[in-house]
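Please treat every number below as a calculation from the coordinates, not as lab data. What you see is a predicted model, and the numbers here were worked out from it, not measured in a lab. For neighbour counting, all protein chains shown are included, and Cβ atoms are generated from backbone atoms with ideal geometry for every residue, glycine included.
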Amino acid sequence: MLTTDHSGAVLTLTLNRPDKRNALSAGLVGALKTALAEAAADDAVRVIVLTGAGRAFSAGADLAALQALQSASAEANLADSEHLAGLFEAIYRHPKPVIAKVNGHAIAGGCGLAAVCDFSVVAEDAKLGFTETRIGFVPAIVTVFVLRKLGEAAARDLLLRGHVIEANEAARIGLVTRAVPAEHLDGTVDALAHELATETSASALALTKQLLADVPGMGFSEALSHAARLNALARATDDCKAGVAAFLGKTDPPWKRGTA
């Protein structure tokens, strides 16, 4: 259901339901949340890569499970929905950078899963879109994150029409980071993961991700005050002290030397 591979500083999580186009069942969502929580506590993990087995990245919700839940109680449906929302929040607020390696089509919740990652590198032959309205469903959870990522006009075009777009178009509008030829996907993601793991500070990344998650929901004055507090907090971290000393001493910081 979910396979993991820890190589150096990079943890790769692979959605492994290729026969279901890696649809997000409750079990797979739970496995992902557990793996993400474990990675957050593991200092050996600096970067997380999320990808899919087979030809698809993810087709989104498991529609067979969704159909079964239609006869369940309102409480059971809410619990299932909150379970999925918790996964998206876990990625969005994760202290370590998460890269989506989108190896194939990413549809509905699968597209949201790619978009909520810090970086999304997509094979050019993949298609993406939020098709919920075409089956009478609502892209409710993904809307929270898509509206933060795109302007309202672009979000309305995607979410209301329910159409799919090419990978290059998804990159052009900012839904994903970049689209690359399929044969360059692995190399591009590997290079990005290596850059993040060796060129940046883990504590600085965690604080910057916290800032990016918190600021959009704040008013201007509150956001500026919050930013000032984080600025002061960052100055006291071991990484900031070591990084400044390394810069002034014209040496590599500890994370670049592999000693952080």
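Here are some notes:
- A straight Cα-to-Cα reach below 16 Å connects LYS209 with the lysines LYS96, LYS149, residues fewer than 8 places away in its own chain not being considered.
- Residue order, fewest to most surrounding Cβ atoms within 10 angstrom, among LEU224, LEU175: LEU224, LEU175
- Computed over segment 1-48, the ratio Rg/Rh where both radii use C-alpha atoms and Rh is Kirkwood: 1.01
- Alpha-carbon Rg/Rh ratio, for segment 22-158, with Rh computed the Kirkwood way: 0.96
- Candidates GLY249, GLY129, GLY54: whichever shows maximal mean-square fluctuation once the chain is modelled as a Gaussian network with Cα springs under 10 Å: GLY249
- Leading residue at positive end of dipole, segment 201-257 (Cβ point charges), from THR208, PRO253, SER221: PRO253
- Long-range tail of P(r) for segment 88-178 (Cα pairs > 18 Å, %): 36 percent
- From the C-alpha gyration tensor of the chain, square roots of 5λ in Å: 32, 21, 18
- Within-9-Å neighbourhood charge of TRP255 [Cβ basis; K, R +1; D, E -1]: 0
- Shape box of segment 201-257 [Cα atoms, principal axes, largest first, Å]: 40, 16, 14
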